[in-house]
Each structure stands twice: as C-alpha cells, then as structure tokens.
Amino acid sequence: MTELAAAKAALKTQAVETPSWAYGNSGTRFKVFAQQGVPRTPFEKLDDAAKVHEFTGVAPTVALHIPWDKVDDYAALAKHAEQRGVKLGAINSNTFQDDDYKLGSICHPEASVRRKAVDHLLECVDIMDATGSADLKLWFADGTNYPGQDDIRGRQDRLAEGLAEVYERLGDGQRMLLEYKFFEPAFYTTDVPDWGTAYAHCLKLGPKAQVVVDTGHHAPGTNIEFIVATLLREGKLGGFDFNSRFYADDDLMVGAADPFQLFRIMYEVIRGGGFTPEVAFMLDQCHNIEAKIPAIIRSVMNVQEATAKALLVDGDALRAAQRGGDVLEANAVLMDAYNTDVRPLLREVREEMGLDPEPLAAYRRCGWGERIVAERVGGQQAGWGA
Ligand code: PSV
Ligand code: MN
C-alpha cells in the first residue's frame, strides 16, 4: 500500500464522538442564548447527532450526560440511536449541579455527600449496562477556594476511596476515564488538576482506569502533545475531549483556535500507536453563538484534517533527519505535512465512503435545519440542567 492509500484507509476508520450537550442550548455564566430548533429530549439530540454522522461518516457515537440525558428506558434510547445509524457512547457523570456539592462531591468533607456522589457514579455504571456504553467519563468540580478551607491530602484520600468503589463496580469491557482540569470552579486547589494527579489515581486503580485529556484544560503554553506522548507510552491514555481555547475552558470548536496544536497532538497519537478504538476521540464543546449542527460538522472535519496531515508525515524522512541531528530538516518534514492542503484527499475519502465530498454544503441542502425549526415548537428546550 502506498503511503497515501494507507492514510486514506486510516481516515475511513476514524471515529469522533459528539457530545449530547453540544446539541442543546448553552451559554456563558452571563447568558444562554436560546436557538430555534434545539432538541427538547435526548431522543431529539440523537436525531441531530445522526445528521452529523450521516454527512461526515466519522461520528458514529454520542456521549450522554447524566442527569441531563436521563430517560426512563435506556434500552429504548439505545434502539432509537441505532435506528438512526449511531450508537450511545461515553456516560458523563454530573456531580457539580446540586446544592449539596458546594464544597465538593467525592472529596467533600462530609461522608453523606460523598455517599451521594459515589451513588450517582454507580448509577452511571448501571446506565452503561443498559446502554452498552463502555466508558464512564468523570470530571469533578471538586476543590477549594481558600488556603486552609479543607485538608488537601485528606481530599486526595477521599477521592481515591470513592474512585476505588466505582472501579470495583465496572464490568468487563467497561472503563473509567478520569479527566483533569487545572482550575475552575475552584480557584485555590483543584482535586484533579493535572495529568499527573489523574495518572497517579488511575495507576493505583488498575488497567480499567485511564486518563482523558480535555484540550481546554491546561494553562496557556502547556505542551499538550508531550502529555499525550507520555500517557500513551504508559498505556494510560483513555481518550480526548477535544475543543479549542484562547484563554481557559472556552469550549470553542476544536481546531478553530490552534489547528497546528491539534495537528501536533494527532501526530503524537499516531506516532504512539494511539489511533485505535482504545483511545476515545470525543468532542466536548458548546455552541453558544453559532448554529450547532453545522458547528459540530465543522469540528469533526477539523479533527479529520489534523489527522490527515499527521498521517502524511514522512516517518522515514523524519527519523533520518532526527538521527542525523538535522534540526532544520526534521522540522521541515513535519511542517511539510502540516502545510499540505488535505481537503482534496478528504473529499476523495468521503466519495469512496459513499458520502458527499462537502459535508457542510450537503447538510445545508438537506433541509434538516429548517425542519427542526418548524417542527420543534413548544416543550422545554434542552440545555444545561435540563
Ligand atoms: C467542565 O469543564 C466540562 O467541560 C468538563 O470538561 C467535562 O468533560 C464536561 O464539562 C462535561 O461534564
Ligand atoms: Mn471535558
């Protein structure tokens, strides 16, 4: 197989998971701007996600967020998804929107609140059993605002204890993906602030616990691809929450702010053997001012473009330059791949997959956007806390 053919074959196997919450209304802490046609139910979110997959061909799963996507019958939800050509993906827990969690959830100083949080996580595993989801994605808003507010080390002990109980509940083929974030909503200490803390907990828990890298969760200037390389090397990279940031946890469209960073990350993924179904490539974004479905299609395409460029890196030439200490040439090899216009290649890939080569134009022509505006009238639009 030529290198180009290998790249095409790899691109056809790509899978980007879209988040149910990206289809609902969202905003900043100042204002949520409601959009017309937004889903009212998890079923309608899946209808929208199915359109993203229909036109991109590489978004086959949808992450759920509990309780936002709570339904009476998860088997029916899974069936609804399958009838539309998608599947349910990671289950995201929510231990950050209840009054009880003011001082934290599984790290809370009071045992009764910790119990409630762990029970919620266990409920999420029950839901995984019903939906067939393999991944439990955990992000904790836990932390403190003031020095002395709580015992930093004690909170780590409580975290370890809570995680261990949930880990024990995981079934065969189920994983726990632990996400870190350097600050917010707590500002003095955060209980899982960085990849090292997440890694240490996952290592102790065992092979079913892995780290998830949310690209928006790092301090400015952090070399995320180094973290990716390290976690892959240690067999602990469980997945990504892709999005873009200019400042902090901005949740903008992946590949919008810094496509070069996304390329560097995807290069390390491929270099480290991480371009496999064992690494979950998820989006974690909100579309506050732009139309949601086209923005998600654009995001999936941005991931595809970065992946295509990373697949085009001439590995032999790069290694030769690196071995020879040819700094300029090594850098040039990488930049050649990055500067390649991969859009024609991706158009070909889509045509070979039986898709329209231009997903955004095809989506606009299909009339779904107008249909949902006309049909989704009344009811309660989905959104944070819905
Ligand atoms: C909050 O920062 C957050 O964006 C985390 O990244 C989670 O993955 C997501 O919310 C959903 O809980
Ligand atoms: Mn995230």
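Tally Lys and Arg at +1 and Asp and Glu at -1 over the other residues with C-beta under 12 Å from the C-beta of GLN381: what net charge comes out?
Details: positive: ARG40, LYS45, LYS292, ARG376; negative: GLU44.
Combined, the nearby Lys, Arg, Asp and Glu give +3.
When averaged across all projection directions, what area in nm² does the alpha-carbon convex hull of region 216-268 cover? Numbers along the way, then the final one.
On the way: hull surface 13.5 nm².
For the Cα atoms of region 216-268, the hull's average projected area reads 3.4 nm².
List, in order, the whole-Hz ³J(HN,Hα) value for each residue of region 180-186 obtained from phi through the Karplus relation with A = 6.51, B = -1.76, C = 1.60 and θ = phi - 60°; use x for Gly and Pro.
10, 7, 6, 6, 6, x, 8
Quick one: net charge around THR95, please, counting Lys, Arg +1 and Asp, Glu -1 for every other residue with C-beta under 13 Å from its C-beta. All intermediate terms of the calculation are to be shown ahead of the outcome.
Details: positive: LYS102, ARG114, ARG115, LYS116, LYS137, ARG158; negative: ASP98, ASP99, ASP100, ASP119, GLU123, ASP142, GLU179, ASP191.
Combined, the nearby Lys, Arg, Asp and Glu give -2.
Along the charge dipole of region 252-353, Cβ charges K/R +1 and D/E -1, which of GLN304, CYS286, MET253 sits furthest on the positive end?
It is CYS286.
At 1.567 mPa s and 4 °C, plugging the Kirkwood radius over alpha-carbon pairs of region 140-208 into Stokes-Einstein gives what diffusion coefficient in µm²/s?
102
Taking the Cα centre of the chain as the origin and placing charges on Cβ (Lys, Arg +1; Asp, Glu -1), which of GLY171, TYR188, SER244 is farthest toward the positive end of the dipole?
Final value for the positive-end residue is SER244.
Calculate the spin-label point distance for GLN380 paired with LYS31, positioning each point 7 Å from the Cα along the beta-carbon direction, and give it in nanometres.
2.4
What is the dipole size for the chain, taken about its Cα centre, with +1 at each Lys and Arg Cβ and -1 at each Asp and Glu Cβ, in debye to the nearest 20? Don't skip to the end; give the middle numbers.
Numbers: 41 positive and 57 negative charges, 73 e Å.
Dipole about the Cα centre, nearest 20: 360 debye.
Using the Cα centre of the chain as origin and beta-carbon charges of +1 (Lys, Arg) and -1 (Asp, Glu), tell me which of ALA130, MET353, TYR199 is placed farthest towards the positive end of the dipole.
Selected residue: MET353.
Let me make sure I get this right: for the chain, a, b and c are the square roots of the gyration tensor eigenvalues over alpha carbons, sorted descending. Under 1.5 in a/c it's rounded, otherwise prolate if a/b > b/c, else oblate. Which is it?
Details: a/c = 1.74, a/b = 1.16, b/c = 1.50.
Oblate, since a/c reaches 1.5 and b/c is not below a/b.
Highest first, please rank the peptides 232-240, 84-92 by the mean number of other Cβ atoms sitting within 10 Å of their residues. Show your work: numbers first, answer last.
Numbers: 232-240: 19.3, 84-92: 22.8.
Listed from highest to lowest mean packing, they are 84-92, 232-240.
How would you rank 243-250, 116-123, highest first, on the average number of other Cβ atoms within 10 Å across their residues?
Values: 243-250: 16.6, 116-123: 18.8.
In descending order of packing, they fall as 116-123, 243-250.
Going by amide H atoms built from the backbone, whose H comes under 5 Å of the H on MET176, apart from near neighbours?
HN-HN under 5 Å from MET176: LEU136, ALA209, GLN210.
Can you compute log10 of I(q)/I(0) for region 239-374 with the Debye formula, treating each Cα as one identical point scatterer, at q = 0.14, 0.16, 0.18 Å⁻¹?
Debye output, listed in q order: -0.75, -0.94, -1.12.
Please give me the summed charge of the neighbours of LEU252: other residues whose Cβ is under 12 Å from its Cβ, Lys and Arg +1, Asp and Glu -1. It would help to have the intermediate numbers written out before the result.
Details: positive: ARG245, ARG298; negative: ASP249, ASP250, ASP251, ASP258, ASP284, GLU290.
That works out to -4.
Given a Förster distance of 41 angstrom, what is the FRET efficiency for ASP119 paired with THR222, based on the Cβ-Cβ distance and rounded to 0.05? Could the numbers behind the result be given before it?
On the way: r = 34 Å, r/R0 = 0.84.
FRET efficiency, ASP119 to THR222: 0.75.
Taken together, the values in this text are just the output of simple stated rules run on the coordinates, not laboratory data. Just so we're clear, the structure is a prediction, and the values are computed from it rather than from any experiment. Cβ atoms come from the backbone with ideal geometry, glycine included; neighbour counts cover every protein chain shown.
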